[in-house]
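Read-outs throughout are calculated quantities, based only on the coordinates presented, and are distinct from any laboratory measurement. In this text, all values refer to a predicted model and were calculated from it rather than measured experimentally. Note that each Cβ is placed from the backbone with ideal geometry, even for glycine, and that neighbours are counted across all protein chains shown.
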Amino acid sequence: MAMTLRLLSRPFLVGALLAAALCSCESTQHRFSAASPAPGTVVNWPGVPYTEVRAYCYDYTKEASPSFFINGRMHKGVMDPKGVKLDAEQTRRLLKLITTSQPKGPRTPCYAPHHAFVFYDAQGKVAAYFEMCFGCNQQRSHPGGTPEYIDRTGLWELTGELGLPIGSGNKFYTEACSLGVPHR
């Protein structure tokens, strides 16, 4: 009987250890790896010509995909399809905030973005965009290449200065975006 328990416990122990190690690839990856690239590194992003940048707030829960652009169109949950146009100084500041790598910070595995910054070319077509989830401290960019960790606090402040709603939780953004006008 003791021999049977010992044989059964070994596979159980191995399985339990494997499950614990793989239960959250996201958090494991970020717990043991350094920020990429090294803090203070400035990346060349977006790396494409643009003439205008606009900021948007959106309720990502209005569609199955959280991405701001779906099949080449703007997300249905966008608060104001015209967005808020950034001036030259705001654009310079935005680029510094999202292209200078920061030290690792807290992060959760969700991705629930509510803000996007869209770079338009001279013909008014989308040249690049950057989406941010302030709740989980994750972002996505197209084209890719922004640092893993950015100046989240500075971006939060800029977003508020632009008059876009900044708050916490999906309910907040659903209500803010349903009004259809920025909170200025």
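Annotations
- Count Lys and Arg as plus one, Asp and Glu as minus one, and take only other residues whose Cβ is under 12 Å from that of P49; the net charge is then -1.
- Dipole magnitude for segment 32-101: about 60 debye, using +1 per Lys or Arg Cβ and -1 per Asp or Glu Cβ, origin at the Cα centre.
- If only the Cβ of Lys and Arg carry +1 and only the Cβ of Asp and Glu carry -1, the dipole of segment 37-179 around its Cα centre is close to 200 debye.
- Per-peptide average of other Cβ atoms within 10 Å, ordering 163-176, 130-143 highest first: 130-143, 163-176
- Prolate/oblate/rounded label for segment 65-137 (Cα gyration tensor, a/c 1.5): oblate
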